[in-house]
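Asker: Below you'll find the structure I mean.
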Amino acid sequence: MSRSPFPFSCDNKRYHTLNYYNRTKFGGKIYKAVIDCGFTCPNIDGTKGTGGCIFCDGGSGYFTHSAADITGQLELEHKRITHKYGEGARFIAYFQANTNTYAPVDTLSEHFETALSFPNVCGISIGTRGDCLSDDVFELLKEINRHTVLTVELGMQSCHNSTIKHINRCCTHEEFLEGFYKLKSAGIRTCLHIINGLPFENEEMMLETAKELARLSPEAVKIQMLHVIVGTELEKWYNEGRFSLIGRDEYINIVVKQLELLPPSTVIERITGDGDKRKLIAPDWTRDKIAVLGGIDKRLAELDTWQGRLYK
C-alpha cells in the first residue's frame, strides 16, 4: 500500500494508477498489444468531414504493425512484449488506430474474437468515437462485455464545442455524451481521452473539461499534451503561428489541478502522451516522458495534494 495520502496506488503515486488497477483486477502487471485494423473515421471518409482531426497522423496508430492481419500483429506484439517482460506476460488487445467501431458489425465481431482467442490476451480495449456506436455495434459490445474485460476508449478531447469545431472533430460534445451514456447504461467500462494545449484553449477551459470529466465519472481517463506531428494540418497552423503551445511547467500545473478535480475512483491510464518521436515537431519537452511524470509527482508532493482532493 502506498505511503502517500492516496489509497489507489501501489507505487507511492498520488493518483489512481493503471498499475494499481491492473494488479487489483488481474493480480499483476498487464501490457498493451496495439492493433491497426485499417479502419477509417467519419471525419476522414467524407461522411461527416474530410482530413480528420487536425492533429491526427494515421489514426494515432504510431506503434502498430498495420501490414499484418490481426493474428500477425498480435504475434509481433507478443514477441515484443515477451522479449521485454518474459514469456508469461499477459496483455490487453488494444484496437488503437482510427475508429474501431466504424465497420460492418460482422467484420468487427471477427476481428474482436480473433484477438480474444489469442494466447495471453486477458481483455480487449477498443478506441472509438461517441458518434460511432450504432445499435448493432452496441449489442456486440454488450455481448463481448459479458465474457471478457472490455474497455471502450472514447475521444472526448475537450468539452468545448468551439474547440471541437476548430480541430475538425466533427462530433459535438452532445454527440459524444450520447455515446458515453449508452455505454454507461450497459455497464461497459469507459476510458475518456482529453488533450491539454489544444488551439485557443486557456487553463480555465482545460479545467472546465476536467470538471466535465468529474461530472461524468468514467472508469478511466487518458490525459495528454497536444503533439504537433509532421504532415498534419496542425503543423501548418503551428508554422503559421496561429496558436501557442504550453510549456512543460504549465502542463504539469494544469494536470495537477485536473487531478484534484477528478473522482479518486477514476483510473488515470495515461498522464502524458507518447507521440511518434521520428515525426514530432513540438513541443520538444514531451520527448522526455520521465521528466514530465517526475514533475507531476514532485508538484503533487510539494502542494501535498492528490487526485480527488477537490472532487465534489
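Asker: What is the set of long-range amide H partners of Gly308 at a cut-off below 5 Å, with H atoms built 1.01 Å from backbone N?
Answerer: Glu260, Leu261, Leu262
Asker: Determine the dipole magnitude for the stretch 18-302: charges of +1 sit on the beta-carbon of Lys and Arg, -1 on that of Asp and Glu, nothing else is charged, the reference point is the Cα centre, and the result goes in debye to the nearest 20.
Answerer: For the stretch 18-302, the charge dipole is close to 820 debye.
Asker: May I ask for the net charge around Leu140, where only other residues with Cβ less than 15 Å from the Cβ of Leu140 are counted and Lys, Arg are +1 while Asp, Glu are -1?
Answerer: Values: positive: Lys142, Arg146, Lys182; negative: Asp106, Glu110, Glu113, Asp135, Asp136, Glu139, Glu143.
Its environment carries a net charge of -4.
Asker: In 20 Å bins starting at 0, how do the alpha-carbon pair distances of the chain split up by percent?
Answerer: Calculated over all Cα pairs of the chain, the distribution is 33, 62, 5 percent.
Asker: Follow-up. Please compute the Cα-Cα pair-distance distribution of the stretch 178-223 with 5 Å bins starting at 0, giving whole percents from short to long.
Answerer: 6, 19, 29, 21, 14, 8, 3, 0
Asker: What is the spin-label model distance, in nm, from Asn12 to Asp276 if the labels are put 7 Å beyond Cα along the C-beta direction?
Answerer: 3.8
Asker: Starting from the 7 Å offset along Cα-to-Cβ, what nm value, one decimal, do you get for the label separation of Glu178 and Glu204?
Answerer: The two pseudo-label positions are separated by 3.1 nm.
Asker: What are the extents of the Cα atoms of the stretch 154-230 along their three principal axes, listed from largest to smallest and rounded to whole Å?
Answerer: 37, 25, 21
Asker: With loop defined by DSSP as not H, G, I, E or B, and exposure as at most 10 other Cβ atoms within 10 Å, which is the longest segment of the chain clear of exposed GluC sites (Glu not before Pro)? All intermediate terms of the calculation are to be shown ahead of the outcome.
Answerer: Numbers: sites that count: Glu87, Glu240.
So the longest stretch without any such site is 88-239.
Asker: With unit charges on the beta carbons (Lys and Arg positive, Asp and Glu negative) and the dipole taken about the Cα centre of the chain, which residue among Phe6, Ile70, Phe95 sits farthest to the positive side?
Answerer: Result: Phe6.
Asker: Shifting gears a bit: Under a Cβ-Cβ cut-off of 12 Å, what is the net charge of the residues other than Ala103 that fall near it, where Lys and Arg count +1 and Asp and Glu count -1?
Answerer: Result for the local shell: -4.
Asker: Using Cβ-Cβ distances only, list the Cys residues of the chain with no partner cysteine under 4.7 Å, sorted by number.
Answerer: Cysteines lacking a close Cβ partner in the chain: Cys10, Cys37, Cys41, Cys122, Cys132, Cys159, Cys170, Cys171, Cys191.
Asker: Still on this model: If I model a spin label as a point 7 Å beyond the Cα along the Cα-Cβ vector, how far apart are those points for Asn239 and Lys29 in nm?
Answerer: 4.1
Asker: May I pose another question? Which net charge results when you count Lys and Arg as +1 and Asp and Glu as -1 among the other residues whose beta-carbon is under 13 Å from that of Arg169?
Answerer: On the way: positive: Lys48, Arg129, Lys165; negative: Asp131, Glu174, Glu175, Glu233.
Summing Lys/Arg as +1 and Asp/Glu as -1 gives -1.
Since every read-out is calculated from the coordinates, none of them should be taken as a lab result. Please read these numbers as outputs of a predicted model, since none were measured by experiment. Reconstructed Cβ throughout: ideal geometry from the backbone, glycine too, with neighbour counts over all protein chains shown.
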